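Peer 1: What follows is a single structure, and I will ask about it in a moment.
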Amino acid sequence: MKAPDILYECPQTVAEAVALLSDDGRFCQPLAGGQSLMPMMHLRLAQPEVLIDLNALAELDFIEQVDDTIHVGSMVRYTTLLNSELIRRHVPLMSLSLPHVAHSAVRNRGTIGGSTALADPAAEMPAVLKALNAVIVAVSQSGPREISADDFFQGIYETALGDDELVHSIKFPAATDQQRFGFYELARRHGDYAMAGVAVSAQSINPYTGLRIIFFGVADQPLRATGAEAALEGSMFKDEPAILEAQNALPADEFTGDVGVSVDTKVQLAKVVLKRALLAM
């Protein structure tokens, strides 16, 4: 199936891009890597009137450290993140997750801003952002606005972005020497969307403190398991009874099934990925 007729715009600056987005009379859709949007358009699941191509915006393609924060521009591609020494050293959870994002051809085009704005609950990046307590910087003609990852993701393809806003960049707190991170997902084949996955961060693991446990692929948005965090808080690394308690504290009533995997199976898979992520931290 072919995409519908659209008006194509290719702004050269962020100011031009947000000016286009501010047009209340037309449904405008930003295009970043296009790895999700283009198939959706061909299937007529997305039908924007105006496609705003962001690929000329070099000012959104950066990775830099500012004090104890790593700033990543929204147009940074997954391959660039995977090869970044700054990301490996200061945002190790992202480095753990990136090899699981689709395949190399997709990672060569896909961008972190595109995945963030799409808010696919089965994707890895929204869960990673939430596990790291990242901050999304949105920009419009009114200026920049910072949104915590906890508040940003609101449902299937639903975010706190306004219609006139664009993801400008994402801020990650640089990891400390005491912090530990875990990531695990189960998919039918490598590169497929996960049937269940989890991203975990902890301020320390002996004992566990400051845990953030975020599941993906199991609900309508990245799902924080606060009950599991509480069950592990204060216990020691690889404490099997505490891990079992955390598994049994998963918010199963918030899980949703899909056409291939039932809710009960999702819950069981979530228990498996949680244990494996914790033991690998």
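The values are calculated or read from the model by the stated rules, or taken from the named source; none is laboratory data. Fair warning: this is a prediction, and the values are worked out from it, not measured in the lab. Glycine also receives a Cβ, built like all others from the backbone with ideal geometry; neighbour counts cover every protein chain displayed. With ligands, DNA and RNA removed, areas are computed over all heavy atoms of the protein, side chains included. Shrake-Rupley method; radii C 1.70, N 1.55, O 1.52, S 1.80 Å.
Peer 1: Once you place label points 7 Å from the Cα toward the Cβ at Gln47 and His103, how far apart are they in nm?
Peer 2: Taking the two extended label points, one gets 3.1 nm.
Peer 1: Taking the Cα centre of the chain as origin and charging only Cβ (+1 Lys, Arg; -1 Asp, Glu), how large is the dipole, in debye to the nearest 20?
Peer 2: 1100 debye
Peer 1: Using the C-alpha atoms of segment 123-263, what convex hull volume per residue, in cubic angstrom, is computed? Could you put the intermediate results ahead of the total?
Peer 2: Working: hull volume 17.7 nm³, N = 141.
In segment 123-263, the Cα convex hull volume per residue is 125 Å³.
Peer 1: Could you work out Rg/(2.2 N^0.38 Å) for segment 205-281, with Rg from alpha carbons only?
Peer 2: 1.07
Peer 1: Could you list the residues of segment 73-95 with an amide nitrogen less than 18 Å from a label point located 7 Å from the Cα of Phe62 in the Cα-to-C-beta direction?
Peer 2: It comes to 73-77, 80-81, 84-87, nothing else.
Peer 1: For segment 55-102, rounded, prolate or oblate, judged on the Cα gyration tensor with a ≥ b ≥ c (square roots of eigenvalues), a/c < 1.5 rounded, else prolate if a/b > b/c?
Peer 2: Here segment 55-102 falls in the oblate category.
Peer 1: Another one. Nearest 500 deg cm²/dmol is fine: what mean residue ellipticity at 222 nm does the chain get from its DSSP H runs of n ≥ 4 alone, each adding -39,500 (n - 2.57), divided by its residue count?
Peer 2: That calculation yields -8000 deg cm²/dmol at 222 nm.
Peer 1: Heavy atoms of the protein only, probe of 1.4 Å, neighbouring chains included. What is the accessible area of Tyr8 in Å², nearest 10?
Peer 2: 120 Å²
Peer 1: Answer rounded, prolate or oblate for segment 139-218, using the Cα gyration tensor with square roots of eigenvalues a ≥ b ≥ c: rounded when a/c is under 1.5, else prolate when a/b is larger than b/c, else oblate.
Peer 2: oblate
Peer 1: Taking the solvent-accessible surface of protein heavy atoms with a 1.4 Å probe, what is the per residue accessible area of segment 26-104 in Å²?
Peer 2: 45 Å²
Peer 1: Here's something else I'd like to know. Sort segment 242-281 into rounded, prolate or oblate with this rule: let a ≥ b ≥ c be the square roots of the eigenvalues of the Cα gyration tensor; rounded if a/c is under 1.5, and if a/c is not under 1.5, prolate when a/b is larger than b/c, oblate otherwise.
Peer 2: Since a/c reaches 1.5 but b/c is at least a/b, the shape of segment 242-281 is classed as oblate.
Peer 1: Rounded to whole Å and sorted largest first, list the principal axis extents of the Cα atoms in the chain.
Peer 2: If we take the Cα atoms of the chain, the spans are 58, 45, 32 Å.
Peer 1: Find the accessible area per residue for segment 160-281; the probe is 1.4 Å, ligands and nucleic acids are left out, and the unit is Å².
Peer 2: In whole numbers, segment 160-281 has 44 Å² accessible per residue.
Peer 1: Looking at Leu250, Leu37, Ser74, which one has the Cα that reaches farthest to the positive end of the dipole of the chain (charges on Cβ: Lys, Arg +1; Asp, Glu -1)?
Peer 2: The residue sitting most towards the positive pole is Leu250.
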